[in-house]
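Below you'll find the structure, written out as C-alpha coordinates, and then a few comments.
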Amino acid sequence: MDYQEILTQIKLEILPLFKEGKVADYIPALKEIDPKQFAMSLQLFDGTSYNIGDVDTKFSIQSISKVFTFTMALDLYGENLYKNIGHEPSGNAFNSLVQLEYENGIPRNPFINAGAIVTTDLLVNKYKDKTFKKVLKFIRKVSDDQSIYYDKEIAKSELQYGYRNLALVNMMKSFDNIQNDATKVVYEYFKHCSISMNTRQLSRSILFLANHGIDPITNKQFITPSQAKRINSLMLTCGHYDASGDFAFHVGLPGKSGVGGGIVAVVPGVMSLCVWSPQLNKKGNSLIGTKALELFTTKTGLSIF
Ligand code: GLN
(Lines give C-alpha, C1' and ligand atoms only; values in the text may rest on other atoms or scores of the structure.)
Protein backbone atom coordinates (compact mmCIF):
# COMPACT_ATOMS: atom_id res chain seq x y z
CA MET A 1 0.00 0.00 0.00
CA ASP A 2 1.38 3.46 -0.91
CA TYR A 3 0.69 5.20 2.40
CA GLN A 4 2.45 8.44 1.39
CA GLU A 5 0.22 8.74 -1.67
CA ILE A 6 -2.87 8.09 0.49
CA LEU A 7 -1.81 10.85 2.91
CA THR A 8 -1.31 13.24 -0.03
CA GLN A 9 -4.83 12.48 -1.30
CA ILE A 10 -6.31 12.97 2.18
CA LYS A 11 -4.61 16.37 2.57
CA LEU A 12 -6.11 17.54 -0.74
CA GLU A 13 -9.57 16.22 0.07
CA ILE A 14 -9.86 17.89 3.49
CA LEU A 15 -8.97 21.39 2.19
CA PRO A 16 -12.59 22.50 1.55
CA LEU A 17 -13.50 21.73 5.19
CA PHE A 18 -11.25 24.40 6.69
CA LYS A 19 -14.14 26.88 6.79
CA GLU A 20 -16.41 24.70 8.92
CA GLY A 21 -14.94 24.10 12.40
CA LYS A 22 -14.13 26.35 15.35
CA VAL A 23 -11.08 26.24 17.65
CA ALA A 24 -11.69 25.64 21.38
CA ASP A 25 -12.05 29.06 23.01
CA TYR A 26 -13.21 28.16 26.53
CA ILE A 27 -9.52 27.79 27.44
CA PRO A 28 -8.19 31.25 26.45
CA ALA A 29 -4.62 30.02 25.87
CA LEU A 30 -5.89 27.58 23.24
CA LYS A 31 -7.75 30.08 21.07
CA GLU A 32 -4.57 31.86 19.95
CA ILE A 33 -3.72 29.01 17.60
CA ASP A 34 -3.60 29.30 13.79
CA PRO A 35 -6.76 27.31 12.89
CA LYS A 36 -5.68 26.29 9.39
CA GLN A 37 -3.11 23.68 10.35
CA PHE A 38 -3.17 20.00 9.56
CA ALA A 39 -0.83 17.07 10.21
CA MET A 40 -1.14 13.33 10.02
CA SER A 41 1.32 10.58 10.99
CA LEU A 42 1.21 6.81 10.62
CA GLN A 43 3.50 4.64 12.74
CA LEU A 44 4.17 1.09 11.57
CA PHE A 45 5.48 -1.86 13.62
CA ASP A 46 8.83 -2.02 11.81
CA GLY A 47 9.63 1.56 12.79
CA THR A 48 8.66 3.11 9.46
CA SER A 49 6.50 6.20 9.69
CA TYR A 50 4.60 8.21 7.09
CA ASN A 51 3.87 11.87 7.67
CA ILE A 52 2.18 14.81 6.02
CA GLY A 53 1.55 18.46 6.92
CA ASP A 54 2.71 20.28 10.06
CA VAL A 55 4.06 17.11 11.67
CA ASP A 56 6.74 18.85 13.71
CA THR A 57 4.39 21.41 15.25
CA LYS A 58 3.55 20.60 18.85
CA PHE A 59 0.04 21.13 20.15
CA SER A 60 -1.81 20.62 23.40
CA ILE A 61 -2.69 16.93 23.72
CA GLN A 62 -5.56 17.69 26.12
CA SER A 63 -7.89 14.69 26.53
CA ILE A 64 -5.55 12.35 24.69
CA SER A 65 -3.61 12.41 27.99
CA LYS A 66 -6.57 10.51 29.53
CA VAL A 67 -5.43 7.38 27.67
CA PHE A 68 -2.05 7.49 29.40
CA THR A 69 -3.35 8.26 32.90
CA PHE A 70 -6.00 5.55 32.60
CA THR A 71 -3.35 3.07 31.47
CA MET A 72 -1.26 3.94 34.54
CA ALA A 73 -4.24 3.67 36.91
CA LEU A 74 -5.37 0.36 35.41
CA ASP A 75 -1.93 -1.04 35.99
CA LEU A 76 -1.93 0.18 39.61
CA TYR A 77 -5.49 -0.66 40.65
CA GLY A 78 -6.67 -3.41 38.29
CA GLU A 79 -10.37 -4.26 38.55
CA ASN A 80 -10.69 -2.16 41.73
CA LEU A 81 -10.63 0.88 39.51
CA TYR A 82 -14.19 0.19 38.44
CA LYS A 83 -15.46 0.98 41.95
CA ASN A 84 -14.64 4.62 41.23
CA ILE A 85 -15.15 4.87 37.45
CA GLY A 86 -17.48 3.02 35.08
CA HIS A 87 -16.86 1.70 31.57
CA GLU A 88 -20.02 2.64 29.70
CA PRO A 89 -20.42 5.41 27.11
CA SER A 90 -21.94 8.54 28.67
CA GLY A 91 -23.95 9.87 25.74
CA ASN A 92 -23.15 13.28 27.21
CA ALA A 93 -20.70 16.10 26.52
CA PHE A 94 -17.14 15.68 27.81
CA ASN A 95 -17.66 18.24 30.59
CA SER A 96 -21.27 17.47 31.50
CA LEU A 97 -22.38 17.65 35.15
CA VAL A 98 -25.92 16.30 34.89
CA GLN A 99 -25.39 12.53 34.80
CA LEU A 100 -22.82 12.70 37.56
CA GLU A 101 -25.36 13.83 40.12
CA TYR A 102 -27.89 11.13 39.16
CA GLU A 103 -25.17 8.51 39.36
CA ASN A 104 -23.83 9.48 42.78
CA GLY A 105 -20.53 10.98 41.67
CA ILE A 106 -19.33 7.86 39.80
CA PRO A 107 -18.34 8.95 36.26
CA ARG A 108 -19.50 6.74 33.41
CA ASN A 109 -16.01 6.21 31.97
CA PRO A 110 -12.39 7.43 32.27
CA PHE A 111 -12.48 9.46 29.05
CA ILE A 112 -15.03 12.09 30.04
CA ASN A 113 -13.56 14.86 32.20
CA ALA A 114 -15.11 13.60 35.44
CA GLY A 115 -13.68 10.12 34.86
CA ALA A 116 -10.25 11.44 34.02
CA ILE A 117 -10.25 13.64 37.13
CA VAL A 118 -11.03 10.58 39.30
CA THR A 119 -8.22 8.73 37.50
CA THR A 120 -5.84 11.58 38.36
CA ASP A 121 -7.04 11.51 41.98
CA LEU A 122 -6.18 7.79 42.13
CA LEU A 123 -2.71 8.55 40.79
CA VAL A 124 -2.30 11.31 43.39
CA ASN A 125 -3.20 8.75 46.12
CA LYS A 126 -0.25 6.73 45.05
CA TYR A 127 2.30 9.24 43.80
CA LYS A 128 1.42 12.36 45.87
CA ASP A 129 3.50 15.38 44.76
CA LYS A 130 5.35 13.27 42.20
CA THR A 131 2.19 12.53 40.19
CA PHE A 132 2.88 14.80 37.24
CA LYS A 133 6.51 13.69 37.11
CA LYS A 134 5.32 10.08 36.93
CA VAL A 135 2.78 10.84 34.18
CA LEU A 136 5.42 12.65 32.15
CA LYS A 137 7.85 9.80 32.70
CA PHE A 138 5.28 7.26 31.49
CA ILE A 139 4.48 9.28 28.35
CA ARG A 140 8.18 9.73 27.59
CA LYS A 141 8.70 6.00 28.04
CA VAL A 142 5.91 4.86 25.70
CA SER A 143 6.90 7.55 23.17
CA ASP A 144 10.58 6.64 23.42
CA ASP A 145 11.21 10.38 23.57
CA GLN A 146 12.66 12.22 26.58
CA SER A 147 12.00 15.71 25.18
CA ILE A 148 8.24 15.75 25.87
CA TYR A 149 7.07 18.49 28.25
CA TYR A 150 4.03 20.57 29.11
CA ASP A 151 2.95 24.14 28.42
CA LYS A 152 2.70 26.00 31.74
CA GLU A 153 0.70 28.88 30.25
CA ILE A 154 -2.02 26.52 29.06
CA ALA A 155 -2.17 24.73 32.42
CA LYS A 156 -2.53 28.09 34.22
CA SER A 157 -5.17 29.27 31.76
CA GLU A 158 -7.14 26.06 32.33
CA LEU A 159 -7.05 26.56 36.09
CA GLN A 160 -8.05 30.19 35.82
CA TYR A 161 -11.07 29.45 33.63
CA GLY A 162 -11.77 25.85 34.64
CA TYR A 163 -15.13 26.55 36.24
CA ARG A 164 -16.77 23.36 34.99
CA ASN A 165 -13.92 21.07 35.91
CA LEU A 166 -13.81 22.63 39.37
CA ALA A 167 -17.56 22.03 39.63
CA LEU A 168 -17.09 18.40 38.56
CA VAL A 169 -14.31 17.71 41.06
CA ASN A 170 -16.21 19.35 43.90
CA MET A 171 -19.39 17.45 43.08
CA MET A 172 -17.47 14.17 43.12
CA LYS A 173 -15.77 15.16 46.36
CA SER A 174 -19.23 15.66 47.89
CA PHE A 175 -19.96 12.00 46.96
CA ASP A 176 -16.61 10.88 48.47
CA ASN A 177 -15.26 9.87 45.07
CA ILE A 178 -12.26 12.23 45.34
CA GLN A 179 -9.82 11.52 48.13
CA ASN A 180 -7.33 14.39 47.77
CA ASP A 181 -7.66 18.17 47.79
CA ALA A 182 -10.10 19.00 44.96
CA THR A 183 -8.21 21.99 43.51
CA LYS A 184 -4.89 20.18 43.69
CA VAL A 185 -6.31 17.17 41.83
CA VAL A 186 -7.81 19.30 39.08
CA TYR A 187 -4.54 21.21 38.65
CA GLU A 188 -2.67 17.89 38.25
CA TYR A 189 -5.26 17.00 35.61
CA PHE A 190 -4.75 20.34 33.80
CA LYS A 191 -1.00 19.80 33.76
CA HIS A 192 -1.22 16.48 31.93
CA CYS A 193 -3.83 17.93 29.56
CA SER A 194 -1.31 20.70 28.75
CA ILE A 195 1.44 18.37 27.58
CA SER A 196 2.62 19.40 24.10
CA MET A 197 3.35 16.81 21.41
CA ASN A 198 3.27 16.59 17.64
CA THR A 199 1.59 13.93 15.51
CA ARG A 200 4.85 11.99 15.05
CA GLN A 201 5.31 11.69 18.81
CA LEU A 202 1.67 10.88 19.53
CA SER A 203 1.39 8.18 16.88
CA ARG A 204 4.58 6.62 18.27
CA SER A 205 3.31 6.88 21.85
CA ILE A 206 0.29 4.62 21.34
CA LEU A 207 1.93 1.99 19.16
CA PHE A 208 1.94 -0.42 22.12
CA LEU A 209 -1.86 -0.35 22.11
CA ALA A 210 -1.88 -1.69 18.55
CA ASN A 211 0.25 -4.65 19.66
CA HIS A 212 -1.35 -6.09 22.83
CA GLY A 213 0.62 -3.79 25.16
CA ILE A 214 4.07 -4.51 23.69
CA ASP A 215 6.03 -1.87 21.81
CA PRO A 216 6.84 -3.72 18.57
CA ILE A 217 9.89 -1.54 17.89
CA THR A 218 11.70 -1.98 21.21
CA ASN A 219 9.89 -5.19 22.29
CA LYS A 220 9.21 -3.62 25.70
CA GLN A 221 6.01 -4.79 27.37
CA PHE A 222 4.18 -1.85 28.97
CA ILE A 223 0.89 -3.51 29.92
CA THR A 224 -0.78 -6.92 29.57
CA PRO A 225 -2.75 -7.92 26.46
CA SER A 226 -5.92 -7.91 28.55
CA GLN A 227 -5.28 -4.32 29.71
CA ALA A 228 -4.60 -3.26 26.11
CA LYS A 229 -7.91 -4.83 25.10
CA ARG A 230 -9.78 -2.83 27.76
CA ILE A 231 -8.17 0.46 26.75
CA ASN A 232 -8.87 -0.06 23.05
CA SER A 233 -12.47 -1.04 23.82
CA LEU A 234 -12.96 2.12 25.83
CA MET A 235 -11.40 4.24 23.07
CA LEU A 236 -13.88 2.72 20.62
CA THR A 237 -16.97 3.16 22.81
CA CYS A 238 -16.10 6.33 24.76
CA GLY A 239 -13.13 8.04 23.06
CA HIS A 240 -15.22 10.79 21.45
CA TYR A 241 -17.79 11.48 24.20
CA ASP A 242 -21.30 11.81 22.78
CA ALA A 243 -19.89 11.44 19.26
CA SER A 244 -18.27 8.06 19.99
CA GLY A 245 -20.94 6.21 18.02
CA ASP A 246 -20.53 8.60 15.13
CA PHE A 247 -16.73 8.17 15.15
CA ALA A 248 -17.05 4.35 15.22
CA PHE A 249 -19.64 4.56 12.43
CA HIS A 250 -17.51 6.72 10.14
CA VAL A 251 -13.96 5.70 11.06
CA GLY A 252 -14.26 2.21 12.54
CA LEU A 253 -11.17 2.36 14.78
CA PRO A 254 -10.50 2.81 18.51
CA GLY A 255 -9.54 6.46 18.91
CA LYS A 256 -9.21 9.30 21.39
CA SER A 257 -9.63 12.99 20.72
CA GLY A 258 -8.62 16.16 22.56
CA VAL A 259 -9.86 19.75 22.32
CA GLY A 260 -6.39 20.78 21.12
CA GLY A 261 -7.52 19.20 17.81
CA GLY A 262 -5.54 15.95 18.03
CA ILE A 263 -6.94 12.45 17.56
CA VAL A 264 -5.00 9.22 18.07
CA ALA A 265 -6.24 5.95 16.61
CA VAL A 266 -5.16 2.34 16.53
CA VAL A 267 -5.31 -0.28 13.77
CA PRO A 268 -4.77 -3.43 15.85
CA GLY A 269 -1.89 -5.54 14.58
CA VAL A 270 -0.92 -2.99 11.93
CA MET A 271 -0.17 0.58 13.03
CA SER A 272 -1.04 3.57 15.19
CA LEU A 273 -2.02 6.97 13.80
CA CYS A 274 -2.37 10.58 14.85
CA VAL A 275 -4.08 13.42 13.06
CA TRP A 276 -4.24 17.05 14.13
CA SER A 277 -6.22 20.04 13.02
CA PRO A 278 -7.36 22.56 15.63
CA GLN A 279 -10.85 23.42 14.38
CA LEU A 280 -13.45 21.36 16.24
CA ASN A 281 -16.96 20.14 15.47
CA LYS A 282 -19.89 20.80 17.82
CA LYS A 283 -18.99 17.82 20.01
CA GLY A 284 -15.45 19.11 20.67
CA ASN A 285 -13.60 16.72 18.33
CA SER A 286 -11.35 17.79 15.46
CA LEU A 287 -13.62 18.21 12.45
CA ILE A 288 -10.93 17.72 9.84
CA GLY A 289 -9.17 15.09 11.94
CA THR A 290 -12.29 12.94 12.04
CA LYS A 291 -12.80 13.34 8.30
CA ALA A 292 -9.14 12.53 7.57
CA LEU A 293 -9.40 9.30 9.57
CA GLU A 294 -12.63 8.39 7.79
CA LEU A 295 -10.90 8.93 4.44
CA PHE A 296 -7.97 6.85 5.65
CA THR A 297 -10.04 3.79 6.58
CA THR A 298 -12.15 4.11 3.43
CA LYS A 299 -9.12 4.30 1.14
CA THR A 300 -7.09 1.57 2.85
CA GLY A 301 -9.85 -0.75 4.11
CA LEU A 302 -7.97 -0.72 7.44
CA SER A 303 -10.82 -0.47 9.91
CA ILE A 304 -11.50 -3.10 12.58
CA PHE A 305 -14.79 -4.09 10.93
N1 GLN B 1 -8.51 20.04 29.55
C2 GLN B 1 -9.74 19.95 28.81
C3 GLN B 1 -10.91 20.19 29.74
O4 GLN B 1 -10.86 19.74 30.82
C5 GLN B 1 -9.84 18.60 28.15
C6 GLN B 1 -11.11 18.42 27.36
C7 GLN B 1 -10.94 17.69 26.08
O8 GLN B 1 -9.87 17.62 25.48
N9 GLN B 1 -12.04 17.22 25.57
O10 GLN B 1 -11.86 20.83 29.41
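The values are calculated or read from the model by the stated rules, or taken from the named source; none is laboratory data. Just so it is clear, the model here is predicted, and its values are computed rather than measured. Virtual Cβ from ideal backbone geometry, glycine too; neighbours counted across all protein chains shown. Quick note on the areas: whole protein, heavy atoms, side chains included, nothing else; ligands and nucleic acids left out. Shrake-Rupley method; radii C 1.70, N 1.55, O 1.52, S 1.80 Å.
The longest part of the chain holding none of the exposed loop GluC sites (Glu not before Pro), meaning those outside H, G, I, E and B in DSSP with at most 15 other Cβ atoms within 10 Å, is 104-305. Per DSSP H run of at least 4 residues, take -39500 (n - 2.57); add these up for the chain, divide by its residues and hand me the 222 nm value, nearest 500 deg cm²/dmol. Result for the chain: -13500 deg cm²/dmol, rounded to the nearest 500.
Only lysine pairs 8 or more places apart, or on different chains, with alpha-carbon atoms under 26 angstrom apart are counted in segment 180-305, and they number 19. Suppose R0 equals 41 Å; then what is the FRET efficiency for PHE175 and GLN146 from their Cβ-Cβ distance, rounded to the nearest 0.05? Efficiency at R0 = 41 Å is approximately 0.55.
Please say if segment 29-97 is rounded, prolate or oblate, where rounded means a/c under 1.5 for a ≥ b ≥ c the square roots of the C-alpha gyration tensor eigenvalues, and otherwise the choice is prolate for a/b larger than b/c and oblate otherwise? Judged from the Cα gyration tensor, segment 29-97 comes out oblate (a/c at least 1.5, b/c at or above a/b).
Summarising the label geometry, the points placed 7 Å from Cα in the beta-carbon direction at THR48 and SER196 lie 3.2 nm from one another.
The alpha carbon gyration tensor of segment 8-51 gives principal lengths a ≥ b ≥ c with a/c of 1.5 or higher and a/b no greater than b/c, which makes the shape oblate.
Would you mind working out the accessible area per residue for the chain, using a 1.4 Å probe, and quoting it in Å²?
For the chain, the solvent-accessible area averages 40 Å² per residue.
For segment 160-305, the dipole from Cβ point charges (+1 on Lys and Arg, -1 on Asp and Glu) about the Cα centre works out to 180 debye, to the nearest 20. Think of each Lys and Arg Cβ as +1 and each Asp and Glu Cβ as -1; about the Cα centre, that makes the dipole of the chain roughly 520 debye. The residue list SER244, PHE132, ILE154 was ranked by how far each Cα lies along the charge dipole of the chain toward its positive end, using unit charges on Cβ atoms, and PHE132 comes out on top.
In a GNM of the chain with a 10 Å cut-off on Cα contacts, which of GLY284, GLY86, GLY261 has the highest mean-square fluctuation? Answer for the Gaussian network model of the chain: GLY86.
Taking a ≥ b ≥ c as the square roots of the eigenvalues of the Cα gyration tensor, segment 121-173 is classed as oblate, since a/c reaches at least 1.5 and a/b does not exceed b/c.
Evaluate E = 1/(1 + (r/R0)^6) for THR300 and LYS220, where r is the Cβ-Cβ distance and R0 equals 25 Å; express this FRET efficiency to the nearest 0.05. Intermediate values should be presented prior to the final figure.
Values: r = 28 Å, r/R0 = 1.10.
Computed FRET efficiency for THR300 and LYS220: 0.35.
Between THR8 and TYR82, the modelled labels are 4.8 nm apart [label points 7 Å from Cα along Cα→Cβ].
Between 0 and 90 degrees, the angle of helix 225-238 with respect to the longest Cα principal axis of the chain falls at about 90 degrees.
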